[in-house]
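Written below as structure tokens is the structure these notes are about.
The values are calculated or read from the model by the stated rules, or taken from the named source; none is laboratory data. Here the structure is a predicted model, which means the values were calculated and not measured. Virtual Cβ from ideal backbone geometry, glycine too; neighbours counted across all protein chains shown.
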Amino acid sequence: MKERLRLLAVVVLVSITTVTAQENVVRVNPTVQKFIGETSQLNRTKYFVIHSSGKDEDHQEFYRDYNVVPCGRGFYGPGIAAKKKTGAVGKYPKIKASKQSELALKTSRFVGTEHPRNVYKEGVDIDAFANWAVDYFKSLKTEDRPVWYEPMNEPFVHAKDFYDEKDWDPVAEVRVKTEMSELYNAVASKFKQEPSLKAINVIGFGSAWPSFELKDFNNWEMNMKLFLDIAGENLDGISYHLYDGINQAGQDNKRSGSNNEAIMDLIENYSFSRWGFIKPHAITEYGGIAKKEYSDIKNVQSIRSQNNMIFGLLDREDRLDISLPFTEGKATWHLTKANNYLPYKAVLWKPINMGVPKNEITGWEYTDRIYFYDLWKSVEGKRVKISTSNPDIQTQAFVKGNKLYLALNNLDDLAQEVTIDFQSLGREIKQIHKKSLTVYKEKVPVFENKKLKKSTKTLEIKFGETIVLEYTFKKAIEFKAQIVKKRYYSLNYLEPITSNKAIDFEYSKVNTDLESASLSMSIGRKHKRSKQPIVKVNGTVVEIPTNWEGYDQSNRKDFFGMIEIPVPVNLLKKNNTVSVSFPDSTGHLSTLVLNTTAIKA
């Protein structure tokens, strides 16, 4: 008994020490408007959507009550449409040409995609499919024609289904993935040549498994890079899926935090290096992977991941087209005898009388996934200046009228105490309203909706908790200044690391009228290798933090993450050289991006 108490005391002491080891200060100035590139106003339609294209009254009520614009993802397109008519993949029916061929046809805001088995087989006539896809979309009604067309969903993890060699045969994998990429390229090219379809954005490839660092970045070379080299030129956006957990194949990932940032930075840097600009992201699924069997607690686990990920996605609005949290609607296709008439693992609605055939369902009710939408439903406005002293405390802030919406999220596995420091208007606060959602691992979530004292300056954020504070001020907030966040990319990327060998990165035409600056350093290395290189900015050494967003990734084969390095602004010039050298070899420095916050003239 004494031994048990002693161990408990040690655990408690360690927990307290961890919580208080770093002072967590969030500084916010509601009078300073923030721009990400040219973007300040929050576009809710890019974020607060549902992975469902349902149109029934329950969906309509949800859109009205939770400030959600319809924008789902539907699994239907030219592949399955042709297959139903001809009975085979690769055979396409004749279709009456649209009389509006020279006019831009209207679209509806959703992503259209399909299962690879309905679109592709090895040796398929790629040009024939592309021509059929053009005719197919021209023939549709507006409500059935998507803004985004993703020809196949997660095709590369299914490549093994389309060749005769053993599964994951490297030569066969490249052969099939190459042909799949050529199909995307043909479709995108044909759409660009068709004036009537210019409102449709062709995106791809719907990657399920962006573990780019695996096998010393061979996974990047043989998947995303291969695809972009073949199809990227004609694509309107780059689509992929971000999940905590195992999606289709691969290792158990907890992408939330630094891993997500490293993935997105590599895609952006490659885009810049190849085309001179950033092709927009289209995150057509994201969140956490739930186990196959349904339970209320398992179903809501993904919301913790969705909240963890949305903070980083909000920081890329200027180069992001759409992000779809993987929350399905009713998924009635899953309510079968084989599935014991239980709901799909990721639904927003469940039958009131679960476990019965569809024709016996008496009504529908929300699952606890509704809390994600309730938490965020009021958040809107223009971005304002905000910073955090701890990368595990994520922040966002928006102002509209006399309202400030301050969102906080805890990426740490332990509770954190946070002090909120208002750098202006602190005395003008009239009211504080708090919404918070805590998603526990093994028990029901807790959603709070309450008022706080006007004097509240310190909050505890539990593990799995996201907080949205709504501050009401005595009068409308007026901006007194503006700041602009900008990123500078080098032409080189994915640099191999050799012990004590400097890797140089160049950044030109940098605005030097700056308030702050940092380097986003993403590395892929074995866990025992150093994450503390010597970094020199124009010859001066800068300090490397030992903390980064999210966990240490120890359950993964390699570390692949982004570490944010503060840079004193006085070190920067119009043209800059940054050198990085590690004390040990192996692995890659995948990207080094210069971030600046400038005072807007």
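Worth pointing out:
- Verdict on Ser196 being in contact with a Lys or Arg (Cβ under 7 Å, 6 or more places away or on another chain), under 19 Å from Arg145 (Cβ atoms) and of a type in the set (Ser, Thr, Tyr): yes
- So Asn253, is it modelled with pLDDT of 95 or more and surrounded by 20 or more Cβ atoms within 10 Å (Cβ to Cβ): no
- Screening Arg316, Arg304 for residues that are under 23 Å from Ile203 (Cα atoms), charged (D, E, K, R), touching a residue at least 40 places away in the same chain (Cβ under 8 Å) and in the same structural domain as Lys215 (by TED's automatic domain parsing) leaves exactly one candidate, Arg316.
- Taking the criterion of being in contact with a strand residue (DSSP E or B) (Cβ under 6 Å, 6 or more places away or on another chain), acidic (Asp, Glu) and either in a loop (DSSP other than H, G, I, E, B) or closer than 11 Å to Ile461 by Cα (or both), the only residue of segment 399-446 that qualifies is Glu417.
- Residue in segment 468-487 that is in contact with a strand residue (DSSP E or B) (Cβ under 8 Å, 6 or more places away or on another chain), within 30 Å of Ser295 (Cα to Cα) and not assigned by TED's automatic domain parsing to the domain that holds Pro533 present: yes
- Hey, Arg73 over 28 Å from Ala172 (Cα atoms) and touching a Cys at 6+ places or on another chain (Cβ under 7 Å) or not: no
- Filtered residues of segment 56-105 (kept if among the basic types (Lys, Arg), in a loop (DSSP other than H, G, I, E, B) and surrounded by 12 or more Cβ atoms within 10 Å (Cβ to Cβ)): Lys91
- Leading residue by the ranking (nearest to the chain's Cα centre (by Cα)) among those in segment 483-510 that are farther than 24 Å from Arg529 by Cα and outside any strand (DSSP E or B): Tyr489
- Residue in segment 67-87 that is at pLDDT 95 or above, under 24 Å from the mean Cα position of the chain (by Cα) and farther than 19 Å from Met152 by Cα present: yes
- Scope segment 134-190; condition of a type outside the set (A, V, I, L, M), touching a residue at least 12 places away in the same chain (Cβ under 8 Å) and not in a helix (DSSP H, G or I); matching residues: Arg145, Pro146, Trp148, Tyr149, Glu150, Pro151, Asn153, Glu154, Pro155, Tyr163
Residues are listed down the side, and each one gets a yes or a no for (1) assigned by TED's automatic domain parsing to the domain that holds Glu23; (2) under 17 Å from Ser436 (Cα atoms); (3) at pLDDT below 95; (4) buried (at least 22 other Cβ atoms within 10 Å of the Cβ):
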| residue | (1), (2), (3), (4) |
| --- | --- |
| Trp349 | no, no, no, yes |
| Gly355 | no, no, yes, no |
| Tyr366 | no, no, no, no |
| Tyr371 | no, yes, no, yes |
| Val384 | yes, no, no, yes |
| Thr395 | yes, yes, no, no |
| Val399 | yes, no, no, yes |
| Asn402 | yes, no, no, no |
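- In the condition set (1) in a loop (DSSP other than H, G, I, E, B); (2) closer than 23 Å to Val444 by Cβ, Glu380 is compliant with all but (2).
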